[in-house]
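Engineer: Submitted below is the structure of interest, expressed as structure tokens.
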Amino acid sequence: MEHRPPNALAPVTALGATTIDAVREMGALFLFLLDGLRHLFTSSKIFPKIVTQVYVIGVKSIFVISLIGLFTGMVMGLQLYYTLVKFGSEGLLGAAVALSLIRELGPVLTAVMVTGRAGSSMAAEIGVMRITDQIDALDVMDIPSMNFLVSPRMAASLISFPLLTALFDTIGILGGYLTSVVMLGINSGIYFYRIDANVDMTDVSGGFIKSLAFALIVSTICCYQGYFTHLRKDGMGPEGVSNSTTSAVVLSCVSILVADYVLTSFLL
């Protein structure tokens, strides 16, 4: 029997196929985003759906965002105090806490927490509607499924993410105040004076720009994963919905961190 040597180009072929699949997926995701944004301006009946999704995505996330923001600010106040005191700069603690929250941690942690709480819900709900043929029923009734399911969630995310980020930043600064002033004895006037002197509108606007970008990323990825659950190769039915939800959360979190680096590079 003739022995055939292994194909030396097999790894290169596999890498090329994986790259092509990734580029194709990114292109489909981008077109999905454009289609969702386009439907925001094509229907006059979308406003009630947006209000409903603002409640689901934004209002229901207030408690967890407040809780995480409080303890993040408290931990930062504690850690930064013991770092700054080594250099005799503990008076800058207020500015350090505020700038870290406003420029970086506030938008990122808010987006990650909302992804876990609301993004997974988006993917699972739309995925269940797909496998139970509800989306096909909408199309049969000439009701645009993008307009009915995806666009309201994108709009609600664009509204909710900046507001939740502002809430996270505010409560985080108060958490830093509890640690540094109440527990460690730093003068409260110095704490707030340093914040006022060192934080300007460019810092605040940079955080809001990040939150808007994260809103588009999370809503697009989560809705996309749910909308095309039926095309997955790693599972059908309930298993497909489960895998879509997992993929939505993981890809959203990774994309948030990648986008955060890119945006920080431009905003600094």
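The values are calculated or read from the model by the stated rules, or taken from the named source; none is laboratory data. Predicted model, so just to flag it, every value in this text is computed and none were measured. Positions of Cβ are backbone-derived with ideal geometry, glycine not excepted, and every protein chain shown enters the neighbour counts.
To keep it simple, each residue is scored yes or no on (1) among the charged types (D, E, K, R); (2) farther than 24 Å from Phe41 by Cα.
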{"position": "Ala123", "(1), (2)": "no, no"}
{"position": "Ile131", "(1), (2)": "no, yes"}
{"position": "Asp139", "(1), (2)": "yes, no"}
{"position": "Ser145", "(1), (2)": "no, no"}
{"position": "Leu163", "(1), (2)": "no, no"}
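Engineer: Consider the stretch 136-172. How many of its residues are β-branched (Val, Ile, Thr), surrounded by 21 or more Cβ atoms within 10 Å (Cβ to Cβ) and closer than 23 Å to Phe30 by Cβ?
Structural biologist: 1
Engineer: For Asp136, which of the numbered conditions (1) free of Cβ contacts under 8 Å to residues at least 40 places away in the same chain; (2) over 25 Å from His230 (Cα atoms) fails to hold?
Structural biologist: Just one mismatch for Asp136, condition (2).
Engineer: Can you find a residue that is under 21 Å from Gly116 (Cβ atoms) and not charged (D, E, K, R) anywhere in the stretch 178-196? Walk me through it before giving the result.
Structural biologist: Taking the stretch 178-196 as the starting set, the residues that turn out to be under 21 Å from Gly116 (Cβ atoms) are none.
No, the stretch 178-196 contains no residue that is under 21 Å from Gly116 (Cβ atoms) and not charged (D, E, K, R).
Engineer: If the Cβ limit is 6 Å and pairs must be 6+ apart or interchain, which residue in the stretch 102-127 that is in contact (Cβ under 8 Å) with a residue 24 or more places away in the chain pairs with which residue that is among the aromatic types (Phe, Trp, Tyr)?
Structural biologist: Close Cβ pairs (under 6 Å, with a partner that is among the aromatic types (Phe, Trp, Tyr)) amount to Gly106/Phe168; Thr110/Phe168; Ala111/Phe214; Ile126/Tyr227.
Engineer: Here's something else I'd like to know. Considering only residues that are surrounded by fewer than 20 Cβ atoms within 10 Å (Cβ to Cβ) and either hydrophobic (A, V, I, L, M, F, W, C) or at pLDDT below 90 (or both), which ones fall in the stretch 106-123?
Structural biologist: Of everything in the stretch 106-123, those that are surrounded by fewer than 20 Cβ atoms within 10 Å (Cβ to Cβ) and either hydrophobic (A, V, I, L, M, F, W, C) or at pLDDT below 90 (or both) turn out to be Leu109, Val112, Met113.
Engineer: List pairs: first in the stretch 66-94 and modelled with pLDDT under 90 and crowded, with 21+ Cβ neighbours inside 10 Å, second basic (Lys, Arg) and part of a helix (DSSP H, G or I), Cβ under 8 Å, 6+ apart or cross-chain?
Structural biologist: The qualifying pairs are Leu93/Arg194; Gly94/Arg194.
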